[in-house]
Amino acid sequence: MSRLQLDNINVSFGDSHIVRNVTLELQQGEIGCLLGPSGCGKTTLLRSIAGFQTLQQGAIHIDDSLVASAHLNVAPELRGVGMVFQDFALFPHLNVADNISFGMRKATSRERKARVEELLNRIGLPGYQHRFPHELSGGQQQRIALARALAPRPRLLLLDEPFSSLDAELRERLAVEVRELLKNEDITALLVTHDQQEAFAMADKAGVMYQGELLQWDTPYQLYHQPKHQLVADFIGHGVLLQGVVNHDASLTSPLGQLSHPSLLTIEAGTQVSFLVRPDDIVPDATSRLRATIKARGFRGAHNLYTVELPGGIKLLTLSPSHEQFQVGANIGLRPELDHLVIFAANLCELPGFYDQAPTVQPLPSVLPKAQTA
């Protein structure tokens with residue numbers, strides 16, 4: 001049984017179409033995440049599920065019960081949906097226990113007390129019942145806000161950028177902790193964020209939205225390694241799209257040399273395509289004839305992220321262990337190591353098939369083929 005099902009959702013404000021034809025599904029206990037740039041419709045979609053925004057088209061089902069359509073909008077308090085807001089929204093005049101138990105109006109005082117103690121133990125804050133929000137750190141306030149949303153045992157939990165006001169290290173740690181808590185409670189949840197690492201740390205399913213459309217709804221792994229749309233490839237990770245031309249012999253003439261794979265035979269020779277290159281697809285190699293100049297270096301702890309420029313002016317990203325440090329301006333060799341080839345046509349549609357096997361990298365010619373950036 002699906003816990004949450006959206007069928008062809010459309011939401012408009014006047015003549016502005018905010019959400020367009022969105023369809024997705026979450027099973028019991030699954031955690032989903034909506035990614036995308038600001039203004040893409042993520043929060044509006046979340047508000048529609050919660051019951052704060054009406055639909056112009058489509059339907060929303062929770063536990064196979066219709067809660068919203070163009071002609072129906074079940075009140076938010078009757079949907080069994082909990083929500084965690086970006087600003088925590090704790091009541092400053094109530095202590096922790098009263099904040100957490102606020103939504104448990106039908107429970108007895110003994111039941112409320114037991115549930116508060118249970119959740120405080122689960123979120124790692126036992127004994128905090130009598131503290132007030134101003135006595136808590138940002139991370140502690142977020143945990144209390146989450147406990148308050150979970151206290152009534154909602155059928156579905158919605159989280160709207162819940163960690164955005166916290167520092168990066170705390171965000172990542174909390175994302176892991178919140179996932180574990182939701183799994184222990186067997187709660188189905190849908191998260192909205194613009195932080196990819198946060199999404200990858202929490203989600204079983206994730207989707208990228210752009211201008212109100214859900215471009216792809218899949219596992220985080222599939223979004224990263226097998227994007228079905230150029231905009232997904234561009235948004236997820238630090239990928240660069242390069243251009244190449246398909247040859248008759250199942251090879252691709254590209255700025256990285258000749259890349260070969262049998263599946264290229266399914267594409268007409270002479271077709272100009274874009275293919276995805278991520279930082280981990282390019283390895284520094286002093287023996288390679290593919291040369292590039294380092295334009296920038298970013299320290300990432302265990303790795304450095306380098307921006308490199310090929311002789312034709314094309315820029316790529318590559319990772320290297322931070323103990324093997326190259327200086328900006330240095331000329332280094334690069335070796336392509338694409339685990340699979342992800343190729344797009346010029347019209348932003350996926351070409352037939354993803355290429356999960358590693359493509360064969362043919363020896364590079366003395367003079368690299370000249371190509372333009374995608």
Residues satisfying the stated conditions in region 26-57, i.e. within 14 Å of residue 214 (Cα to Cα) and over 16 Å from the mean Cα position of the chain (by Cα): 44
For region 197-212, give me the residue count where each residue is surrounded by 19 or more Cβ atoms within 10 Å (Cβ to Cβ) and touching a strand residue (DSSP E or B) at 6+ places or on another chain (Cβ under 7 Å). 9
Restricting region 26-50 to residues that are polar (S, T, N, Q) and not in a strand (DSSP E or B), which is farthest from residue 157 (Cα to Cα)? 38
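On the basis of being under 26 Å from the mean Cα position of the chain (by Cα) and either modelled with pLDDT under 95 or not in a strand (DSSP E or B) (or both), does residue 297 make the cut?
On the way: under 26 Å from the mean Cα position of the chain (by Cα): yes; either modelled with pLDDT under 95 or not in a strand (DSSP E or B) (or both): yes.
When the stated conditions are applied, residue 297 passes them.
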Is there a residue being under 26 Å from residue 93 (Cβ atoms) and without any contact (Cβ under 8 Å) to a residue 60 or more places away in the chain anywhere in region 194-204? no
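From the list 223, 242, 191, 256, which one is buried (at least 23 other Cβ atoms within 10 Å of the Cβ) and not assigned by TED's automatic domain parsing to the domain that holds residue 21? Walk me through how you get there before you give the answer.
On the way: 223 fails: not assigned by TED's automatic domain parsing to the domain that holds residue 21; 242 fails: buried (at least 23 other Cβ atoms within 10 Å of the Cβ); 191 fails: not assigned by TED's automatic domain parsing to the domain that holds residue 21.
Unique residue meeting the criteria: 256.
Any chance you could count how many residues in region 101-112 are closer than 29 Å to residue 27 by Cα and either within 29 Å of the chain's Cα centre (by Cα) or not in a helix (DSSP H, G or I) (or both)?
4
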Residues that are more than 20 Å from residue 229 (Cβ to Cβ) and in a helix (DSSP H, G or I), drawn from region 194-211: 197, 198, 201, 202
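Residues are listed down the side, and each one gets a yes or a no for (1) of a type in the set (A, V, I, L, M, F, W, C); (2) touching a Gly at 6+ places or on another chain (Cβ under 7 Å):
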{"residue": "63", "(1), (2)": "no, no"}
{"residue": "76", "(1), (2)": "no, yes"}
{"residue": "80", "(1), (2)": "no, no"}
{"residue": "85", "(1), (2)": "yes, no"}
{"residue": "92", "(1), (2)": "no, no"}
{"residue": "117", "(1), (2)": "no, no"}
{"residue": "123", "(1), (2)": "yes, no"}
{"residue": "136", "(1), (2)": "yes, no"}
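Would you say residue 53 is on the phi < 0 side of the Ramachandran plot, in contact with a helix residue (DSSP H, G or I) (Cβ under 7 Å, 6 or more places away or on another chain) and either part of a helix (DSSP H, G or I) or among the basic types (Lys, Arg) (or both)? Full working, then the answer.
Values: on the phi < 0 side of the Ramachandran plot: yes; in contact with a helix residue (DSSP H, G or I) (Cβ under 7 Å, 6 or more places away or on another chain): yes; either part of a helix (DSSP H, G or I) or among the basic types (Lys, Arg) (or both): no.
No, not satisfied.
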Please enumerate the residues belonging to region 173-190 that are at pLDDT below 95 and of a type in the set (A, V, I, L, M). 174, 175, 176, 178, 181, 182, 187
I want to confirm something. Restricting to region 113-165 and keeping residues that are β-branched (Val, Ile, Thr) and modelled with pLDDT of 90 or more, which single residue is nearest to the chain's Cα centre (by Cα)? 144
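Working only within region 98-107, note down all residues that are within 20 Å of residue 157 (Cβ to Cβ) and either in contact with a Leu (Cβ under 7 Å, 6 or more places away or on another chain) or surrounded by 15 or more Cβ atoms within 10 Å (Cβ to Cβ) (or both).
If we filter region 98-107 for residues that are within 20 Å of residue 157 (Cβ to Cβ), which is where we start, we get 99-107.
Once the filter is applied, which keeps residues that are within 20 Å of residue 157 (Cβ to Cβ) and either in contact with a Leu (Cβ under 7 Å, 6 or more places away or on another chain) or surrounded by 15 or more Cβ atoms within 10 Å (Cβ to Cβ) (or both), region 98-107 yields 99, 100, 101, 102, 103, 104, 107.
How many residues, within region 244-260, are among the hydrophobic types (A, V, I, L, M, F, W, C), in a loop (DSSP other than H, G, I, E, B) and either at pLDDT 90 or above or under 29 Å from the mean Cα position of the chain (by Cα) (or both)?
First, the residues of region 244-260 that are among the hydrophobic types (A, V, I, L, M, F, W, C): 245-246, 250, 252, 256, 259.
From what's left, in a loop (DSSP other than H, G, I, E, B): 250, 256.
Next, from what is left, pick out any that are either at pLDDT 90 or above or under 29 Å from the mean Cα position of the chain (by Cα) (or both): 256.
Count: 1.
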Here is a check on your reading of the model: is residue 110 buried (at least 17 other Cβ atoms within 10 Å of the Cβ), of a type in the set (D, E, K, R), in the same structural domain as residue 226 (by TED's automatic domain parsing) and free of Cβ contacts under 8 Å to residues at least 60 places away in the same chain? no
Would region 161-172 turn up any residue that is assigned to a helix (DSSP H, G or I), under 29 Å from residue 276 (Cα atoms), of a type in the set (Lys, Arg) and in contact (Cβ under 8 Å) with a residue 24 or more places away in the chain? yes
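Table: residues versus (1) within 27 Å of the chain's Cα centre (by Cα); (2) surrounded by 17 or more Cβ atoms within 10 Å (Cβ to Cβ); (3) of a type outside the set (Phe, Trp, Tyr).
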| position | (1), (2), (3) |
| --- | --- |
| 60 | yes, yes, yes |
| 64 | yes, no, yes |
| 71 | no, no, yes |
| 83 | yes, yes, yes |
| 93 | no, no, yes |
| 96 | no, yes, yes |
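The values are calculated or read from the model by the stated rules, or taken from the named source; none is laboratory data. Computed from a predicted model, the values in this text were never measured in an experiment. With ideal geometry, Cβ positions are generated from the backbone for all residues, glycine too; neighbour counts draw on all protein chains shown.
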